[in-house]
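A short worksheet on the structure shown next.
The values are calculated or read from the model by the stated rules, or taken from the named source; none is laboratory data. Keep in mind that this is a model prediction, so the values were computed, not measured. Here the Cβ positions follow ideal geometry from the backbone for every residue, glycine too, while neighbour counts run over all protein chains shown. Note: areas computed on protein heavy atoms with side chains; ligands, DNA, RNA excluded. Shrake-Rupley method; radii C 1.70, N 1.55, O 1.52, S 1.80 Å.
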Amino acid sequence: DLGTSRELWEVKPATEAARPENVARTEFLTSALLNHGFTYRMVLAEELKRQPRLSNIQTMLKFGRQPISLVEREQIRQILANSRGIHWGALTKRDLGGRGRFILARLVLEGRLLFDMDASLDENTLFIPTEHAQRG
């Protein structure tokens, strides 16, 4: 299983996020949305635009917009069942061929895979299932 997490992000500049009414709102939404199966996150605009994070986000959006099939999901699940993660560059050498990056990026956008957003994305970047990151 690649997880079923759903998140609602709100992006604000740091000065806005720190305002008392927004702090209280964040606390409320964090608690209230859990009852509906969502994780709420206040994300600072300054953090999102920092490099290489911004380039990584743009890459995930570029590749991850296409839907992926159940067969492709199962292929990734099988690969992950036998390894600690998948490298960005390795998928072009596997059965997934040219679709590998589209599949990984889609799963990142869905919140099913994670990678170090603060490191430059390259062939050796490791993607891991979200539930593995949550366990430690």
Of all residues in region 102-129 being touching a residue at least 60 places away in the same chain (Cβ under 8 Å) and open to solvent by 50 Å² or more (accessible area, probe 1.4 Å), which is nearest to residue 79 (Cα to Cα)? 112
Return yes or no: is residue 79 assigned to a helix (DSSP H, G or I), of a type in the set (A, V, I, L, M) and either under 18 Å from the mean Cα position of the chain (by Cα) or under 17 Å from residue 110 (Cβ atoms) (or both)? yes
What pairs come out if I take residues in region 28-49 that are among the β-branched types (Val, Ile, Thr) and pair them with residues that are surrounded by 11 or more Cβ atoms within 10 Å (Cβ to Cβ) whose C-beta lies under 6 Å away, six or more apart or interchain? 30/40; 39/7; 43/11
Anything in region 16-56 that is under 23 Å from residue 113 (Cα atoms), open to solvent by 70 Å² or more (accessible area, probe 1.4 Å) and part of a helix (DSSP H, G or I)? List them, or say none. 34, 47
Would you confirm whether or not region 57-66 contains a residue that is outside any helix (DSSP H, G or I) and either open to solvent by 50 Å² or more (accessible area, probe 1.4 Å) or without any contact (Cβ under 8 Å) to a residue 40 or more places away in the chain (or both)? yes
Modelled with pLDDT under 90 and over 14 Å from the mean Cα position of the chain (by Cα): is that true of residue 135 in this structure? yes
Output the residues belonging to region 82-101 that are open to solvent by less than 30 Å² (accessible area, probe 1.4 Å) and assigned to a loop (DSSP other than H, G, I, E, B). 85, 88, 89, 96
So which residues in region 67-77 are open to solvent by 90 Å² or more (accessible area, probe 1.4 Å) and polar (S, T, N, Q), if there are any at all? none
